[in-house]
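Trainee: Submitted below is the structure of interest, expressed as structure tokens.
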């Protein structure tokens, strides 16, 4: 690969990224940062947890993204009586018409898709929530003694309501850690509300076109992992991750006071990989500390587990991470 | 420059200034050499330059990859692009070269001034000598041998080596009477001398080199000597006040005390000054004179009016023991009191409780509790009807 080829890869990556976000933006008003971060997670091969109150467009965003991407899409509505087999699939008895007799045949569940929408994931029990663990981490599903590989690209986009709401179960820490980003969908602004009302109360339906397919997304993933990162910048990402641990020398006062467990090494992986994609979206062939800083909050906020004092005082994990970002020097 | 000026003022050798100048030159050369050496660039330096040039971290990243080296195409592309962007930066505008001309000019002027001070400008001692010869007092009609004696005495006074024996002082005073200008000069010199002696006494140093040779110096303790000085000052002030105060009820020819308008007032004032001066000298040096002064006689203006030129001296010498005792007592009391602005220059910022001056006290102290036996009651008597039962209970049956 020559320098020209590298430049072409960067330009193509940037062009496709902009296309996806622009196409999603045609239907989703506002929340450009949420759209961008969601696409970024998809290009990194990660999963996204979208949190927000009902009606702010979480499900619409994922629907639109699936429409823009030329990928197989499935939706799982999580309910309290949902079982793991309803997600991953199960073996059912089939009759052999020619030879006679019966046999077990695997009936794949909705998890077998490229883009899986796990709607209101925290309304199911932890037992069912955990059915996604293997799929999210290993991109495979085991039923009985057989393991089935999932098609690539595979991505879980989960939505959840805030934990204070009725009928919700908190996600297990292991499940939370498997999400690349946790994005908080905010309530739209007044201008955005006008746009939403205008688009949804008129007869015209806004249609979106498919701009990339699965192969192109896999190619973009490969390009993203090719971006070099200097050790001092990588060290900054690692120090940010270590700083979430209360016994770390990089920990801030808030971390020492309110955090029980800090982020796992997956957080550092997420930060660096997202930093690379962030650099590519800016047309850079290198990762800067600013890129790392821009993606640290969504990568760390759901990996910081508060202690009893933090829970009692209703401390926001975002506040802790923001203080960490302000206190950690890029040249340390 | 400052060292050269100080050396010149202190009459030091010019070699010191030149040596310090040479030492500074060597030090500056070493510092310039140390700062100008080629140093390896660090990530912190790269980050700072990157931030200054607003290269968004590209220079920093490229710096690290340029050190580690790699054959990756992405890294090569990154390095080439970083080099192109760095070449577009106007480094001269970003880091303008500081003009060192004013500093170099100032340094050169200072060096020239130091050399000039050390080599060219004449010594201060010769200036002093020239000034002292110019100030020689010449009296018209004075015999040459007397003029020479006068010059020698004035020179000794200026040098501070004049001994305070009476004969010398008498000669000096007699000569001084010849000319009012000379009188004024001698008075100023004497006052300066007195001031220096008093300062030396305060510092605990000998007043005069000759004092060390006098065995009688150890005869008087320091506190007694200070008390005598204070007494002498008060006597002189008292005499002066009485002589100059028109409202002095004791001012009369019989008592010898004069008011401000009397014809002897000026003479008495001069005499009291001389007495004060002489008394200080004697109090500090001569134990026998102090003993004689303590010998008896009344104090105050009754004695002063009957005395001639040495009246104040005799007056001080005849101060009675009672006055000395009072002075000593007063001195002791004053020494135990800290007067802000007089002997205490700083205000005592300690809290009152720390200074043991707290005005707080307990006003409602409860009286000592006493045990009122009248309220004590004896334990109830054992009912006689139960006594046998108790005895049976506690006495083991055989």
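Trainee: What distance in nm separates the simple spin-label points at residue B:80 and residue A:261, each placed 7 Å from Cα in the Cβ direction?
Mentor: Here the answer is 4.8 nm between the modelled labels.
Trainee: Sort A:35-43, A:244-252, B:2-10 by packing, meaning the average of other beta carbons within 10 Å per residue, with the highest value first.
Mentor: The densest-packed peptide leads the list: A:35-43, A:244-252, B:2-10.
Trainee: If you don't mind, there's one more thing I want to ask. Do the sum for chain A: with -39,500 (n - 2.57) for every DSSP H run of n ≥ 4, divided by all residues, what is the mean residue ellipticity at 222 nm, to the nearest 500 deg cm²/dmol?
Mentor: Computed mean residue ellipticity for chain A: -14000 deg cm²/dmol.
Trainee: Give the shape of the range A:160-306 as rounded, prolate or oblate, defined through the alpha-carbon gyration tensor: a ≥ b ≥ c are the square roots of its eigenvalues, a/c under 1.5 means rounded, and otherwise the shape is prolate if a/b is larger than b/c and oblate if not.
Mentor: The shape class here is oblate.
Trainee: Considering every residue in A:279-287, what mean count of other chain Cβ atoms within 10 Å of its Cβ is obtained?
Mentor: Mean shielding by partner chains, rounded to a whole number: 5.
Trainee: Averaged over its residues, how many other protein chain Cβ atoms are within 10 Å of peptide B:49-61's Cβ atoms?
Mentor: That works out to 4 on average.
Trainee: For the range A:103-179, take the convex hull of the Cα atoms, compute a quarter of its surface area, and give me that in nm², please.
Mentor: Across all orientations, the range A:103-179 yields a mean hull projection of 5.6 nm².
Trainee: Would you please give the FRET efficiency between residue A:147 and residue A:75, computed as 1/(1 + (r/R0)^6) with r the Cβ-Cβ distance and R0 = 25 Å, to the nearest 0.05?
Mentor: Taking R0 as 25 Å, the efficiency between residue A:147 and residue A:75 is 0.55.
Trainee: Within 10 Å of each Cβ in B:79-91, how many Cβ atoms from other chains are there, averaged over the peptide?
Mentor: 1
Trainee: Please work out whether chain A counts as rounded, prolate or oblate from its C-alpha gyration tensor, where a ≥ b ≥ c are the square roots of the eigenvalues and a/c under 1.5 means rounded, while otherwise a/b larger than b/c means prolate and anything else oblate?
Mentor: The shape class here is rounded.
Trainee: Turning to a different aspect of this structure: Please give the contour-minus-distance gain from residue B:391 to residue B:32: 0.36 nm per residue of separation, less the Cα-Cα distance, rounded to one decimal in nm.
Mentor: That works out to 118.1 nm of additional length.
Trainee: Of the peptides A:44-52, B:147-155, how do they stack up when ordered by the mean number of other Cβ atoms within 10 Å, highest first?
Mentor: A:44-52, B:147-155
Trainee: Another one. Give, in nm to one decimal, the length gained when the segment between residue A:104 and residue A:192 is fully stretched (0.36 nm per residue of separation minus the Cα-Cα distance).
Mentor: Length difference between fully extended and current span is 26.5 nm.
Trainee: Then there's this: Please give the FRET efficiency for residue A:5 paired with residue B:120, using the beta carbon to beta carbon distance and R0 = 56 Å, rounded to the nearest 0.05.
Mentor: That gives a FRET efficiency of 0.15.
Every read-out reported here was derived from the displayed coordinates using simple, explicitly stated rules and does not represent laboratory data. All of these numbers come straight from a predicted model, not from anything done at the bench. Neighbour counts run over all protein chains shown; Cβ positions are idealised from the backbone, glycine included.
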